[in-house]
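Take a look at the structure below.
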Amino acid sequence: MIRHTYRTEKIGPALSLDQLSNFLQQSPKNDRAERKKVMDLARKRQIDLVLVSELSRWGRSTADLRTTIKDLAARQVAIRALNGPDLDISTAQGKLMLNLLAAISEFERDLLQERIKSGIAHARAKGTKSGRAIGRPGFDRAERVKRLLAEGRSVRIIAAELGISKTTVMKVKAAG
């Protein structure tokens, strides 16, 4: 019998697990406050089920996920993922599936981190930081933009004529 469930939407007294997921994503540390709250509720036997949107949001690594799920199972608390199959870790098949899904999630996270690092390294090699040129020269055509605006030309025409963005023309216009 389920006494209390943590859910992904706010329904009645349940904590929003989307909020929990946000906390879990913020830090790879194992001292995440919201997860501690859930684990404390499990230790006090106030919950029977933890419902998560993805298993990868519950643990930061395969070992972390496996440990916390075993801890929950030892306290008779089930964990269910909305995007995956129900796992009964009391069976050999359930344990296998848990480890496979956790390893795949960790693999995806590692690939994403590699891509991010590669992109940053590529941007730095090109002399940029976050796509913006380091030491980008100041805009030297402001006077010409002001003159064209004073002549009554439209922002779109000025931008096309000078080869700059409409946003740049609007910034010059706003600066007065």
Tell me which residues, restricted to the stretch 84-110, are within 24 Å of the chain's Cα centre (by Cα), at pLDDT 80 or above and not β-branched (Val, Ile, Thr). 98, 99, 100, 101, 102, 103, 105, 106, 107, 108, 109, 110
Among the residues of the stretch 128-143, write down those that are surrounded by fewer than 10 Cβ atoms within 10 Å (Cβ to Cβ), more than 30 Å from residue 54 (Cβ to Cβ) and at pLDDT below 85. 132, 135, 136, 137, 138, 140
Which numbered condition in (1) touching a residue at least 24 places away in the same chain (Cβ under 8 Å); (2) in the same structural domain as residue 47 (by TED's automatic domain parsing) is the only one that residue 96 fails? (1)
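Modelled with pLDDT under 85, in a helix (DSSP H, G or I) and not small (Gly, Ala, Ser): does that describe residue 124? Outline the logic, then answer.
Working: modelled with pLDDT under 85: yes; in a helix (DSSP H, G or I): yes; not small (Gly, Ala, Ser): yes.
So residue 124 passes the test.
The values are calculated or read from the model by the stated rules, or taken from the named source; none is laboratory data. Note that this is a predicted model, so its numbers are computed, not measured. Every residue, glycine as well, gets a Cβ built from its backbone with ideal geometry; the counts of neighbours run over all protein chains shown.
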